[in-house]
Structures are given as structure tokens and as C-alpha cells.
There are 2 protein chains.
Amino acid sequence: MALFSIEEYQERVRKTKMSMTEKGIDVLVVSDPANMNYLTGYDGWSFYVPQVVIVSLEEDQPIWIGRGMDANGAKHTTYLSNERIIGYADDYVQSPIKHPMQVVADEIKSRGWDTKTIGTEMDAYYFSAKSFIELQKNLPNAKFHDANLLVSWVRIIKSAREIEFMQKAGKIAERVMQKAIDTVAPGVRECDAVAEIYRTQIRGTDTYGGDYTSFVPMMPCGEKTSTPHLTWTDEPYQNEIAVNMELAACHNRYHSPLARTMYIGKNPPGNLVDTSKVVVEGCNKALDAIKPGVTCEEIELVWRQVIAQAGLEKESRIGYSVGLNYPPDWGEHTASLRPGDKTVLEPNMTFHMILGMWMDDWGFECSESFRVTDGGHETFANFPRKLFIKE
Amino acid sequence: MALFSIEEYQERVRKTKMSMTEKGIDVLVVSDPANMNYLTGYDGWSFYVPQVVIVSLEEDQPIWIGRGMDANGAKHTTYLSNERIIGYADDYVQSPIKHPMQVVADEIKSRGWDTKTIGTEMDAYYFSAKSFIELQKNLPNAKFHDANLLVSWVRIIKSAREIEFMQKAGKIAERVMQKAIDTVAPGVRECDAVAEIYRTQIRGTDTYGGDYTSFVPMMPCGEKTSTPHLTWTDEPYQNEIAVNMELAACHNRYHSPLARTMYIGKNPPGNLVDTSKVVVEGCNKALDAIKPGVTCEEIELVWRQVIAQAGLEKESRIGYSVGLNYPPDWGEHTASLRPGDKTVLEPNMTFHMILGMWMDDWGFECSESFRVTDGGHETFANFPRKLFIKE
């Protein structure tokens, strides 16, 4: 059973078709699992094989095409009529001679759309170079048009129910971060701390549960805090080191990420303490600047000016649109908080603002997930912004 | 610090170059995160942005190219010299105008390889259609050659240390499955059971820890056992239903998957009980047939004949090569246990044999991960093969 009303899915499809019309696209082939979910409700860990949702200007409901064994999963999770769910035979899977995009092309041909303009998500996860070449080869009379992020941009303003899911994820994220802070200690193995984090993510609260997050917990410690995307080992934490904790919670595939840094020991280095104060001030000021009508790059400039006063600079962006997603990324790849991004903030856009400073052999992180409100912003989690110190 | 000896990495690169030479490839651009790890040791959750390892016949060490903030991660996890690690600027990330493959092309040009034959992994995860087009556009004088699975095939026979990691994962997998069986019960929320499974996966044992698995726990219950890739909800388990549990454990990115089905209640349906017996017999017979010299399709035939005697058939393959991997798949996409696959088994090939029967509104699963030994096979987990019943 799909998690949103049929009307909400229909509205999403309607907006998608509007964007297709503007771009001259007749038939859209959607491979990004978050976009497939957004348009149909489909939710399953089956994106490791090619699968698509097709939206045609000529038809009301999208079509789901995936592996035969997953068709029952589509029947259970989407709002689509059963005849809109098409499973392909198993010998198309990871075959040296067959490819599932041949089935997709056949379906397009059988509906007489093979001379139309077909949009494909050229830089989406799980739409391989081979997938595109197979589509082209089997639809020689079609015109192809890059529709990368077309649906992702439709997703940028969240509905009331989507916001509710992210708020719920934010409440779980508070518990997750508290559990991390409570558990990480000298002598505790990194894997044992991460085990408690996972458990807290998935249990959720007494009234609703948690879902898997699109990034695993990222917990570099010691010198490894100089880089953001390392995970964990089975070594025990040492004393007098920092731990960066980029965590999150997820509810019904909607995310609220949350990052903090904790120092274990009595003697945090002066540069870490000083940097943490500047970063937290920059985070506070940038959040205070959030409101409808402001652009993404203006928010980044607020941050940039705060840290420049302390002689710091950061090359990488400070945030991105966030929400519904699947591994490997909870970011939506649309708006980023960085120079040059002129996206104008509107109510119920949702972002993960992550202020991470990664130096040669140390680093500090502080992040918040929030929505733009009519007059400012609302963070999804309520958690102190500071360098945590565990003596 | 890389997890294998420099000599082992060098041997992997040597075998890769042999395969490149056979196929007429001068320069190999590797995007698959498992292949990147295999050749260099690189381990980080950064494959959500384009990153590659380049192997050239002209140079000893591979080159790692990734996002600037991840270069320190490459220094921490690979055996490469620092000058072989190249980070690109952050404004290449998810940009509408720049693309990281431009940096990859520039590196290839700067080394004078832009008129060579370049291999790319055309159907790999995280090598998008756009990535390929950008490479082609920026290397107009190069000849491109599909090198999909080239490194994956080099990976098919595991070293002693790789087998050790999979054996360790198998010991964790036993604990994971036992925890699932102990925890799933009427009235327990699905998410609370999965939380205990995750915790057990990551804690590992007292002497070594667990890593994240490339699939999340797949735990469809009730009618949803008719399809394999649904995850979990926050509803409590009902009485008199079945739960399919496709689980795994991972140690240092090496996997041992393990699947079982449990019936909760006193009255398991006759067709489930009968099917479970046939499937377990088929599993036992197929495993008994494993030995060097036999082909993958011959193993599948043993299974097929057992279930045919009971009037059953299964369209989908019954297993695949498994080992080192990253989400979204622990399978290696090389050998599959299915008709037409003539791969000859050799010692220390490793497979996940999964016998899953998915019917209209019910299903049954039983799986084992194993290595081929000199005289037969060794399963990585030791766990009873049967329909579990929890009254």
C-alpha cells in the first residue's frame, strides 16, 4: 500500500508532465530509485538490477518495469493498477547477452512511442552507460533528451506529509546522536558504538519506526577526522582524540541528517576548540539568514563572511537539498548552498546544511537539517550546536 | 592502512594488466567501488560522487582520482604513494556545468594516454551514462573498449586472507540469523527486530567487528513473502504468518549472506511445509555436487531435477559469485548458478546459493554462502537448513 494518497501521486505526475512538456519530452524513463518511489510509491531494495518507471504524456498512470521477482513488491507498495506493473524474465539479469533495457525498449515500441522524444536521467545512479546505449540501439528512431534531475526538481518543495516524515526522522536523529555521544568512550570498540547507533536508528520511537539511511554512519576518529567519508573499524577508541559523527535518521525513506564532533579527553587542542566556535557561529548566522526569497548562494556568503573574520575558508559547499532517498546519497542533487547557486528559497524546501572543516590531520563538523518556513526556518532535530567534550 | 599486503595488491594489478593486454586495453578506468578497493585498498562511502582508479600498462601503481575532501581518506586506506592520489575541486560535484570526468580526462591527457585504447566499466554501478559521454567528449582521440567486469573476473578466486574475512563474516552471520529467530515474534514491531539484527551484524564477535552489508536486511512477512526485496515496516508481527529473512554479515567489506524462512504460529500451511522440504533437499543436493571441475549450470541442474520430482520449477538463477562489495549488491555479476553458465568451478571460488521460491502470496527461502574446496565445498556459516517454526 502506497504511503501517500492517490491524489498526491497524481499531483506529482502532473507536475512531472508539465516539466516534460516545457522541455519537449514525450516519454520519460525514470531510473533513480527515489524518483521511481516519488512517482509511484515503489519501495524495495531492487535497484541493483535495472528497473524504470515510464511516464508518458499520453497516459495517466506511470508504468513500472522491473525484475519479475520484484513485480509482487511493486504490487504491494505502489498505487499502480496491476496491468501497469511489468516484470522481465530472470535471464535478463546480469547476462552477457541480454539486457533489461531491451525489455524497456520493447514496451516503448509496443505503445507506439518509439519515434517520440524520450527523456533519460543521464547522470542518475543505477542508469549505467550500457543501459543508455542499449536503449538507443533498440529505439533507433527515437530522439533522446537528457532529463537528468527533472523529477528531482519537482521534488524540491515538500508536501505536508513529506514534512511530517522528515520531522519524525528528526526526532529519531536526536536519539541517534545522543546515543552516539553516550556510547563513544575510550576502550569501547568503534563497531560496538556504531552497533548502538544503528539500533537506535531502526527502532525509532515508541510510536513509529526508523528506516535504513542512505549513508551509513560516518564515524572517522583521530587523524581520520581530516576526511569525511570513512566509516568505522573494530579498534577501541583511544583517549584524547576527536570523533566526527555524521549520522541521520530515516522514516519511510525521508531523511534528517545530523552531524556533530566530540572530543574524548581532558585536553582538546586549541585549534579544534577555536574552530568549533567559529563554525558554530557561522552555522547559527547562516541558519538565521534562511527565509523565502533568499538565494542559496546568499546563505553561503553569510557563512563565508563569518569564518573569513577568523581567517578561515572552506572550499566545499555547505549544504544541499535533502529528503526522500536511497543509498548511496540522501542529497537530491538539485540546489546546493554554494557560490553560483541562484535557487531562490521557498517554504518547505528542505536542506542539510553541513559545516565541515577538514584540515591536514584533524577536522570539525556541525550540521542541521531544516525546512524553509514562511518566515525563516525550522530544524528537524533540536540538538545543542557545539564541540562535545567527554572527559 | 591497507588491509592486504602490498604484494597481494601488486598481484591483483598484475592479473588485471594481463587481462587488459589480452583485450587490447592500454588504460583501464575503474569506477566500481569494489574493484577500486580490490586494486588499491580504497574504502570510503564516497562512491556517491564520481571517482575512479586508473590502471595503465605503462605504470606500476594505479592512480586514484576522487573528490578533494576524500583524498585524505585515500591516503588512510590505500597502499598508494601520495602522489598517486588526486583530488578534484568541490565545484565539480553535482554541478550543472562541470563534471568530474573532465578531471579524469585531463589526467589521462597529461600522461599522454589520450590516443590509447581506454577500457571503461560500461554496466558498473556509479558509472553513469553522462560519465561515459563526458569521457568520450574530452578524449576525442581515444579508442574506448567495454571493460565491464574485467576486474570482477580477476576477483573470482579468493586469496587465503579473503577467505579468512569471509569465514569471519560467516561466523557473524550465524549470530545474526540466530538473533533474528530469537527476536521475531507476534507483537514485536518489525523495526525492533531489524534493530537487533543490525546491532548483531555490526558488533560482530568479541574478537572482530562487523561492517555494513551491501544489502540491508530483507524481511518481508505474510503475503509479502511472495517477493524477495522488501525490507520492513513498523507494524508488529502477526501470529500465523511466515517471515523470509535474507540476511548477511560483512567483515572488512567481505560478505557471507544467509537466508532462512520462519513461520510464526502453530499451523504452518501444508504447501509451505512441503515446499520447504523440497527446497532444503534441493539445496543439500546442489551443495553436495559442488567441486572443482563442475560447471555452474551443472549445479543448477542438480537442483532443478530435485524440485522437478516434486512438480516445482524456479525461473530465477540459484546463486552467484559473492565476496568483496559495496551497496547496492554483494553479488559480483560474474558467474551465476543457472542454465547456460559454463564457468568451471575452481578452489576458492565463493558463491551465495539462494534457493528462493516466490509464489503468488507466499514464499520460502534457504541460502548458503560457501567456497569451493579441493574436494567439495565449505559453507561459511553453520546453521540448520529447514523451515523454522516458532509456536
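Any idea how many residues of segment B:13-44 are touching a residue at least 60 places away in the same chain (Cβ under 8 Å) and buried (at least 21 other Cβ atoms within 10 Å of the Cβ)?
Looking only at that region, the number is 16.
Give the residue that is nearest to the other protein chains (Cβ to nearest Cβ), with candidates limited to residues of segment A:75-94 that are open to solvent by 30 Å² or more (accessible area, probe 1.4 Å), among the polar types (S, T, N, Q) and over 21 Å from B:Y125 (Cβ atoms).
A:N82
Given the criteria more than 14 Å from every other protein chain (Cβ to nearest Cβ) and at negative phi, does A:L301 qualify?
yes
For the subset of segment A:216-232 comprising residues that are among the polar types (S, T, N, Q) and at the interface with chain B (Cβ under 7 Å from one of its Cβ atoms), which member is nearest to A:L247 (Cα to Cα)?
Within segment A:216-232, the match that is nearest to A:L247 (Cα to Cα) is A:T231.
How many residues does segment A:95-121 contain that are buried (at least 22 other Cβ atoms within 10 Å of the Cβ), in contact with a Ser or Thr (Cβ under 7 Å, 6 or more places away or on another chain) and either of a type in the set (G, A, S) or in a loop (DSSP other than H, G, I, E, B) (or both)?
Looking only at that region, the number is 1.
All but one of (1) basic (K, R); (2) under 24 Å from A:F351 (Cβ atoms); (3) part of a loop (DSSP other than H, G, I, E, B) hold for A:K266, so report the exception by its number.
So the condition that A:K266 fails would be (2).
Determine which member of the set A:W64, A:W45 is within 11 Å of chain B (Cβ to nearest Cβ) and closer than 24 Å to B:M218 by Cα.
A:W45
Which residues, counting only those in segment B:153-190, are within 11 Å of chain A (Cβ to nearest Cβ), crowded, with 23+ Cβ neighbours inside 10 Å and not β-branched (V, I, T)?
Correct list: B:K168 only.
Can you name the residue in segment B:46-74 that is part of a loop (DSSP other than H, G, I, E, B) and aliphatic (A, V, I, L, M) and is also surrounded by the most Cβ atoms within 10 Å (Cβ to Cβ) among such residues?
B:V49
Small (G, A, S) and modelled with pLDDT of 95 or more - does that describe any residue in segment A:210-232?
Yes, that holds for at least one residue.
Return only the number of the condition from (1) within 30 Å of A:G41 (Cβ to Cβ); (2) basic (K, R); (3) surrounded by fewer than 19 Cβ atoms within 10 Å (Cβ to Cβ) that A:R253 does not satisfy.
That leaves (3) as the condition not met.
Working carefully through the options A:Q102, A:Q51, A:Q94, find the one that is touching a Phe, Trp or Tyr at 6+ places or on another chain (Cβ under 9 Å), in contact (Cβ under 8 Å) with a residue 24 or more places away in the chain and within 24 Å of A:E11 (Cα to Cα).
The match here is A:Q51.
For segment B:220-242, indicate whether the set of residues that are part of a helix (DSSP H, G or I) and among the polar types (S, T, N, Q) is non-empty.
The answer is yes, given that some residue of segment B:220-242 is part of a helix (DSSP H, G or I) and among the polar types (S, T, N, Q).
Among the residues of segment A:323-333, are any part of a loop (DSSP other than H, G, I, E, B) and farther than 30 Å from B:L230 by Cα?
no
Here are some residues: A:N35, A:N72. Which one is touching an Asp or Glu at 6+ places or on another chain (Cβ under 9 Å), closer than 22 Å to A:N252 by Cβ and more than 11 Å from chain B (Cβ to nearest Cβ)?
The unique qualifying residue is A:N35.
Going by the conditions given, is B:E235 among the charged types (D, E, K, R), open to solvent by 10 Å² or more (accessible area, probe 1.4 Å) and within 14 Å of chain A (Cβ to nearest Cβ)?
Yes; evaluated as a whole, the condition is true for this residue.
Could you grab the pairs with beta carbons closer than 7 Å, sequence gap of 6+ or different chains, first residue in segment B:332-345 and more than 16 Å from B:V154 (Cα to Cα), second one open to solvent by less than 30 Å² (accessible area, probe 1.4 Å) and among the small types (G, A, S)?
Filtered contacts from segment B:332-345: B:L337/B:G319; B:D341/B:A335.
So, in segment A:122-152, exactly how many residues are facing chain B (nearest Cβ under 10 Å), in a helix (DSSP H, G or I) and surrounded by 18 or more Cβ atoms within 10 Å (Cβ to Cβ)?
6
Only one of B:T213, B:T205 is more than 9 Å from every other protein chain (Cβ to nearest Cβ), in contact (Cβ under 8 Å) with a residue 12 or more places away in the chain, in contact with a strand residue (DSSP E or B) (Cβ under 8 Å, 6 or more places away or on another chain) and not in a strand (DSSP E or B). Can you tell me which?
B:T213
Touching a Gly at 6+ places or on another chain (Cβ under 7 Å) and under 27 Å from A:Y126 (Cβ atoms): which single residue out of B:R155, B:R189 fits that description?
Residue meeting the stated conditions: B:R155.
When B:I197 is evaluated against the numbered criteria (1) surrounded by fewer than 24 Cβ atoms within 10 Å (Cβ to Cβ); (2) within 14 Å of chain A (Cβ to nearest Cβ), which criterion, by number, is the only one it fails?
Status for B:I197: all satisfied but (1).
With B:P347, B:P339 as the choices, which residue is out of contact with any helix residue (DSSP H, G or I) (no Cβ under 6 Å at 6 or more places or on another chain) and surrounded by fewer than 17 Cβ atoms within 10 Å (Cβ to Cβ)?
After applying the criteria, what remains is B:P347.
When the residues of segment B:350-389 are narrowed to those that are open to solvent by 10 Å² or more (accessible area, probe 1.4 Å) and acidic (D, E), which ends up nearest to the chain's Cα centre (by Cα)?
Per the stated criteria, the residue is B:E378.
Tell me, please, whether a residue that is within 21 Å of B:H352 (Cβ to Cβ) and away from chain A (no Cβ under 14 Å) can be found in segment B:264-275.
yes
Picking from A:T350, A:T343, which residue would you name as being β-branched (V, I, T) and farther than 28 Å from A:R175 by Cβ?
Step by step, each of A:T350, A:T343 is checked, and only A:T343 is β-branched (V, I, T) and farther than 28 Å from A:R175 by Cβ.
The values are calculated or read from the model by the stated rules, or taken from the named source; none is laboratory data. Only a predicted model underlies this, so the values are computations on that prediction, with no experimental measurement involved. Ideal geometry is used to build each Cβ from the backbone, glycine not excepted, and the neighbour counts take in all protein chains shown. Calculation scope for accessible area: heavy atoms of the full protein, side chains included, ligands and nucleic acids excluded. Shrake-Rupley method; radii C 1.70, N 1.55, O 1.52, S 1.80 Å.
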